[in-house]
1. Apply 1/(1 + (r/R0)^6) to the Cβ-Cβ distance of LYS231 and ASP518, taking R0 = 60 Å, and write down the FRET efficiency to the nearest 0.05.
2. Calculate, in nm to one decimal, what SER83 and ALA246 gain on full extension: separation in residues at 0.36 nm each, minus their alpha carbon distance.
3. With all distinct Cα pairs included, what does the Kirkwood hydrodynamic radius of the range 383-449 come out to in Å, to one decimal, could you say?
4. Determine, for each peptide in 380-387, 539-546, 449-456, 299-306, the mean count of other beta carbons within 10 angstrom over its residues, then list the peptides with the highest first.
5. I want to check the label-to-label distance for VAL305 and TYR94. Put each point 7 Å from Cα in the C-beta direction and report it in nm to one decimal.
6. If I stretch the segment between HIS119 and GLU141 completely, what's the gain in nm (0.36 nm per residue apart, minus their alpha carbon distance), one decimal?
7. Quick one: 3J(HN,Hα) in Hz for the range 259-272, Karplus 6.51/-1.76/1.60 with θ = phi - 60°, rounded, Gly and Pro as x.
8. Over 23 Å between Cα atoms: which of LYS263/LYS330; LYS59/LYS387; LYS231/LYS347; LYS59/LYS438; LYS234/LYS263; LYS377/LYS402 fall into that group?
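The values are calculated or read from the model by the stated rules, or taken from the named source; none is laboratory data. Quantities reported herein were computed from a predicted structural model and do not represent experimental measurements. Cβ placement follows ideal geometry from the backbone for every residue including glycine, while neighbour counts extend to all protein chains displayed. SASA here: full protein model, heavy atoms, side chains in, ligands and nucleic acids out. Shrake-Rupley method; radii C 1.70, N 1.55, O 1.52, S 1.80 Å.
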Amino acid sequence: MGGRTISQMPLLVVCLVWLGVGRHHLDQSIIEDLEVILDAVQQQAAHKHTPVKIAIVPKPRELSLNNGVFTFTPTTSLCTDHSSTPIANYLSKYIKGDVTTHDCPSGSISLRLNPTATHAHPEFYELEVTEDEIKITANTEAGLFRGTQTLRQILPETIEQRHLEHDIHIPTLKIVDWPAYPWRGMHLDVSRHFFDSDAVKKFIDQMALHKFNRFHWHLTDDQGWRIHIEKFPKLTEIGSQRKGNAGGFYTAEQIREVVEYAKSRYITVIPEIEMPGHVHAALASYPELSCAQNRDLEVWTEWGVSDESLCVCHESAIKFMEDVLLEVAKMFPGNYIHVGGDECVKKQWMECPQCQQLMSRENIRSYDELQAWFTTKISQFLTSHHKRLVGWDEILQGGLSKGATVMAWRGADFGLKSAQLGLDAVMCPLNVCYFDRKYDESDELGRLGVTPLQSTYEFEPSPFHLPSDIRKHILGGQGNVWTEGIQTVEQLDQLVHPRMAALGEVVWTPRTHRSYRDFLSRLRHLEHRYQSLGIGFYKVPDTVQPMDLESVVHHHMAHIGEIKRSANWYRHMFDSKGMPI
């Protein structure tokens, strides 16, 4: 307080004059106490009269600001209809006021379902702030929930800790919003490094904040099997223990708990059970499933791809995977099960007499076709149990049955090829959607390449003006996190954020509404919310790299060769067999 001049405290001097007391008649300690009171009054006045800044990520489709303000108080209540009560109860974690299903009093937050709304999108919502109320309406519970995440970001970040001491003025506004893509996914590998169910729930909460709706849970790989299968207990007794690494697995009860947790946030969980490659941990548990049977194997301790593969010519190996998938299907009520299919090393098949006999008997001409034969069998099994197969883009090799969904990780061209063949595709090319990579070459954390934040933000799952018959098969995009170099939640946060925010805007907000420079300005506000939530993040610079049309084209297409400059350029990207040029 010392050193402050009279000119710096005009209000204090006026008060003293009004009281008829000269400053020189007061003890210095009293003056300092009055200064503290004055500071508090001025801060409170600032809180009362300054509306909060609106900075929402992902950016809403339509936002119009008006002239009035709504006063949000520490006791602002929530009112809702009976069907929306669970969503209101969720929001009450951040808002201290009561939840009621009666008529909404003035000054409350209203959550209402309107099933007869004319907008057809299942995640559509409207959020309107008037001087009398905040109102969120939607035609589905999922849309209503997405609206609550927007409201969270309209309110100050202190609500994340239920810590709001002052009234807050929110500008009157109206938001009309719905997502650009139906598949807005995040993937987490828990095989290479195990993350307990609490860490997984935290990851799901972060997804909810950014309006993602698909959680791809990578549960098995060469380096670990993390889901308990009752019929095959050795999968977790042996397969979940990796030397030099903390072991661990999820019980069926823990799996169901996480699935229900995600469901309450309108996120569908897609489990991944790798096959026929990336099965080293499974073969360490049950070596009779390999072509070279009865060998002593340990769960793989190296990163990368093991040479071990499931011996697909053995009926017992196929039956094993079907039994595993049957238990998995009962734990995961969603429509999709991911079966991997990537990076399958076929060396053992080439040396297996039984595999040669099967190929001759079934007229299978190549080892890619042998994998396709196996994948088709698994796809048919899943279909018979009302599930749909998802796989990495290698499942395109050798042919594929209808109904599969392809995750294009090696390049967007594989997703476009899938769409051309009439298969649904999720775009997740590694150069922009692998979040375990470094942000910058100088970073210590991260591996296997560099993915700057701007590269992720400039990604577009459906490049340019694809015709409707191809565009309808591009379901959206997904960020993938591989944990070979990630051992702690802190490291996970640092690599994922703010990339999750960038991709969240890519798959929610139409391309025409997006700007990286504008995103960075809103990100600075989101960073304060991260801090309030205890989420670590990488501090990216405010630098915006110029991207001309030529570089944008090549950036989006990721690994495609020469692009034809014509109205039908996309039709020239594949050869007569439908393979990328």
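1. Once rounded, the FRET efficiency stands at 0.70.
2. Taking 0.36 nm per residue and subtracting the Cα distance, the gain is 54.4 nm.
3. 13.3
4. 449-456, 299-306, 380-387, 539-546
5. Here the answer is 4.2 nm between the modelled labels.
6. 6.5 nm
7. 4, 5, 4, 5, 4, 5, 10, 6, 10, 8, 9, 10, x, 10
8. LYS59/LYS387; LYS231/LYS347; LYS59/LYS438; LYS234/LYS263
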